[in-house]
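K.L.:
There's a structure below that I have some questions on.
Since every read-out is calculated from the coordinates, none of them should be taken as a lab result. Small disclaimer: the values here were computed from a predicted structure and weren't measured. Methodologically, a virtual Cβ is constructed for each residue, glycine included, from the backbone with ideal geometry; neighbour enumeration extends over all protein chains shown.
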Amino acid sequence: MIDVIVVGGGPTGLMLAGELRLHDVHVVVLEKLTGPTGESRGQGLHARSVELMDQRGLLDRFLAVSAKFQVGGLFGGVMKPWPDRLDTAHPYGVATPQPVTERLLDERALELGAEIRRGCEVVGLNQDEDGVTVELTEGGGPRLRARYVVGCDGGRSAVRKLLGVGFPGEPSRVETLLGEMEVTEDPATIAAVTAEVRKTQLRFGVAPGENGVCRVIVPADGVAADRTTAPTLEEFKQRLRAVAGTDFGVHSPRWLSRFGDATRQAERYRVGRVLLAGDAAHIHPPTGGQGLNLGVQDAFNLGWKLAAAVNGWAPDGLLDSYHAERHPVGARVLDSTRAGITLMGTDPGATALRELFTRLMDFEEVNRYITEMITAVGIRYDFGEGHELLGRRLRDVRLKQLGRLYELMHGGRGLLLDQTGRLSVAAWADRVDHVVDISEELAAPAVLLRPDGHVAWAGDDQRELLTQLPKWFGAATG
């Protein structure tokens, strides 16, 4: 029996596979496509996702092929610089096209021992008390049996539909065309026309890329009856002429696609031994570039909890905490993208609202709140009353002797950062590392970190610590 089958080989599924392999979980990733599409809807990692990659020792791989960015415009196209002193040691994003992100996460999952099977489409699920039987299309191989299944198979998730999980929300009201293609118009003219059009139409853009290929985005004419069908090059030309007055001589498309502003969220992220993550659990407009990041962060939250269940030490309620923590986060992202797409409208009301938000963002507290919301560094899970750090993720603080905190978290284990030298986690040494060091940036005598970097406890009382360790790391073994 396979420990975990991950359905879907995009960024969410590959991130989850890597997280599970850190804990020696037997993982098989099933991807219905036979190879990469080359489509690049996601264009980078926000600050919190940058932190995740650093916590697992992956950030250098991304920085080797990507540029850092720190720009405004993340919320409804309102262009303001990021505020100073964000609560992160990584106050920037990383401009990484989605195919590159997938390649890097694919390589990492394979290095750790994950098995990735392409050309395998799931058409049936049947779960019982002991596991889940997965049926594949003819030619995909025999039925597979796993202890758990995670659907990371996108907004049209087969896993979610087979589970019968509700997906309430709103259908698309507007649609946008997106693609990469060559152009014959000179760059100066393209830049001038784009700047003029974007004064009133923020869902438009022609961005130069490598080898003379441009990334083109333009509002569609209504919403297509069949959104699974890609637009044609002629459709792009017609819409460019209608919106910009020219089609820029576009030709030789690399890929063409369409997306809407549908906003939906799964009612449940877990049904027995089957869970949902990424776009299978939530879809929303792409404003702010949050979709890929939200999915990767789902996987980061779920991975260690699911591994604990597989390895037999998960305390009661740990796996259910995935839904309890991530469903509210997803709901807030849905609301922020609803607001963002409204701000990008062209009617007088949207224009007035955008002008108001532009002025409000001049206040540092407003700018900080919006930026932390979009980049996810402001997330705080509800762990109850306690220290101000409780439930928050801890930034990459510097240590006097051992360097950086995140360098100590590559293995995906819990960690007690102890500035007192008087505490002990010896009975959980197989799951929690104990680091005795001093950090001038840490406003607590000691913190217990979950494998995802969120603070599970802060203080200096050994008795209090012993009440929290079983809650997150199960029964003592020593």
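K.L.:
Per-residue HN-Hα couplings for segment 179-195, Karplus 6.51 cos²θ - 1.76 cosθ + 1.60 at θ = phi - 60°, whole Hz, x for Gly and Pro?
P.N.:
Result, ordered by residue: x, 10, 7, 8, 9, 9, 5, 6, x, 5, 5, 4, 5, 5, 5, 4, 4 Hz.
K.L.:
Out of the GluC sites (Glu not before Pro) in segment 193-284, which ones are loop residues according to DSSP with at most 16 other C-beta atoms within 10 Å?
P.N.:
Glu267
K.L.:
Please determine, in degrees from 0 to 90 and to the nearest 10, the orientation of helix 11-21 with respect to the longest principal axis defined by the Cα atoms of the chain, where the helix direction is its Cα long axis.
P.N.:
20 degrees
K.L.:
Follow-up. Could you tell me which trypsin sites (Lys or Arg not before Pro) in segment 399-478 are loop residues by DSSP with no more than 10 other beta carbons within 10 angstrom of their beta carbon?
P.N.:
Qualifying residues, ordered by number: Lys400.
K.L.:
Oh, and also: Under the Karplus relation 6.51 cos²θ - 1.76 cosθ + 1.60, θ = phi - 60°, what is the ordered set of whole-Hz ³J(HN,Hα) values for segment 77-84, x standing for Gly and Pro?
P.N.:
Taking θ as phi minus 60°, the curve returns x, 6, 8, 9, x, 5, x, 6 Hz for segment 77-84.
K.L.:
So what's the angle, to the nearest 10 degrees on a 0 to 90 scale, between helix 291-311 and the longest Cα principal axis of the chain?
P.N.:
The angle comes out near 30 degrees.
K.L.:
Let's test the formula: R0 of 41 Å, r as the Cβ-Cβ distance of Ala324 and Ala64. What FRET efficiency results, to the nearest 0.05?
P.N.:
Calculated transfer efficiency: 0.65.
K.L.:
Separate question: Mind checking the dipole of segment 177-218: about its Cα centre, +1 per Lys or Arg Cβ, -1 per Asp or Glu Cβ, Debye to the nearest 20?
P.N.:
320 debye
K.L.:
What's the angle, to the nearest 10 degrees (0 to 90), between helix 462-473's Cα axis and the longest principal axis of the chain?
P.N.:
Taking the Cα atoms of the chain, the angle to 462-473 is about 50 degrees.
K.L.:
At most 13 other Cβ atoms within 10 Å and a DSSP loop assignment: could you name the GluC sites (Glu not before Pro) in segment 117-155 that fit?
P.N.:
Loop-located and lightly packed - Glu129, Glu138.
K.L.:
Apply the a/c threshold of 1.5 to the C-alpha gyration tensor of segment 261-304 and tell me whether it is rounded, prolate or oblate.
P.N.:
Here segment 261-304 falls in the oblate category.
K.L.:
Kindly provide the helix-only [θ] at 222 nm of the chain, computed as the sum of -39,500 (n - 2.57) over DSSP H runs of four or more divided by all residues, to the nearest 500 deg cm²/dmol?
P.N.:
-10000 deg cm²/dmol
K.L.:
Hey, can you grab everything whose amide H is under 5 Å from the amide H of Val123? Only 5+ residues off in sequence or another chain; H modelled, so Pro and N-termini drop out.
P.N.:
Close amide H contacts, sequence-distant or interchain: Glu135, Leu136, Thr137.
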